[in-house]
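**Student:** Below is one structure. I have some questions about it.
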Amino acid sequence: MSAAPEIKTILIPVDGSDHARKAVLIGAAIAEKFGARVILLHVLLRDVPVAKIYELALDLKMPTDVLDKFKPITPAVYDFGLTIPAGTISPIATNELLIEVGRRILETEKHVIEGQGVTNVDLVMEDDDPANKIIETVKKEKADFVVMGRRGLGALKDLLSGSVSTKVGHLAPATVVSVT
């Protein structure tokens, strides 16, 4: 019989979704048990509709000055809480705004993990295709375990093009657990 696997580095991709939060809690529990290092990875939310990013910013209790940056991009969303009809406008969040939201997601999840007794937590922010960046980070950081949400904020796009978690599960050189 072989020995139990050793888990030294856990990668947890986070995007602010409910599934990602559950992955954070599970990843923290595993890290605490094994004394593992945790890497929280956020890939900028380029494929997520601005209205959804705005809702996420509200949920994250972003400061008013950050929320005000949504106004020139999507006045209807900002002023009235409306969802912009598909095809009407395709507003694009600025890099600065995506980075601020990403930073808040990372800090929020780091606080959750540290609350579970895990102290060795690194934060990484990337920009590009989420699945590719997760796989690259696994290799670069020599992560041996990945805990990720099965569905993220870009769930509709994933249904059309294949999910990030499926691609990572097939191509990452680590054990990958996707949670729902």
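The values are calculated or read from the model by the stated rules, or taken from the named source; none is laboratory data. None of these values were measured; they are calculated from a predicted model. All Cβ positions, glycine included, derive from the backbone under ideal geometry; neighbour counts span all protein chains shown. The accessibility values were calculated without ligands, DNA or RNA, using every heavy atom of the protein model including side chains. Shrake-Rupley method; radii C 1.70, N 1.55, O 1.52, S 1.80 Å.
**Student:** With labels modelled as points extended 7 Å from the Cα through the Cβ direction, what inter-label distance (nm, one decimal) is found for N132 paired with E6?
**Tutor:** Distance between the two pseudo-spin positions: 3.4 nm.
**Student:** List the residues whose amide H sits under 5 Å from the amide H of I39, counting only those 5 or more places along or on another chain, with H placed 1.01 Å from N in the peptide plane.
**Tutor:** So I39 has HN proximity to I10, L11, I12, D122.
**Student:** Leaving ligands, DNA and RNA out of it, report the carbon-plus-sulfur percent of the accessible area of the chain at a 1.4 Å probe.
**Tutor:** 54 percent
**Student:** Considering the dipole of the chain built from charges on the beta carbon (Lys and Arg +1, Asp and Glu -1) around the Cα centre, which of V14, G27, I99 is farthest to its positive end?
**Tutor:** Going by the Cα projections, it comes out as G27.
**Student:** Taking the Cα centre of the chain as origin, sum charge times position over the Cβ atoms of Lys and Arg (+1) and Asp and Glu (-1), and report the length of that vector in debye to the nearest 20.
**Tutor:** So the magnitude is around 400 debye.
**Student:** Continuing with this model, one more query. Considering only V118, F70, L60, whose Cα is most displaced toward the positive end of the charge dipole of the chain, charges sitting on Cβ of Lys, Arg (+1) and Asp, Glu (-1)?
**Tutor:** In the chain, that residue is V118.
**Student:** Report the full-extension gain for the segment L60 to R46: residue separation times 0.36 nm, less the Cα-Cα distance, to one decimal in nm.
**Tutor:** So the extension gain works out to 3.2 nm.
**Student:** To continue, here is another question. Select one label from [x] 108; [y] 116; [z] 127: the one whose number is volume of the Cα convex hull per residue in Å³ as derived from the coordinates shown.
**Tutor:** [y]
**Student:** Leaving out ligands and nucleic acids, and using a 1.4 Å probe, what accessible area per residue does the chain come to in Å²?
**Tutor:** So the chain comes to 54 Å² accessible per residue, rounded to a whole number.
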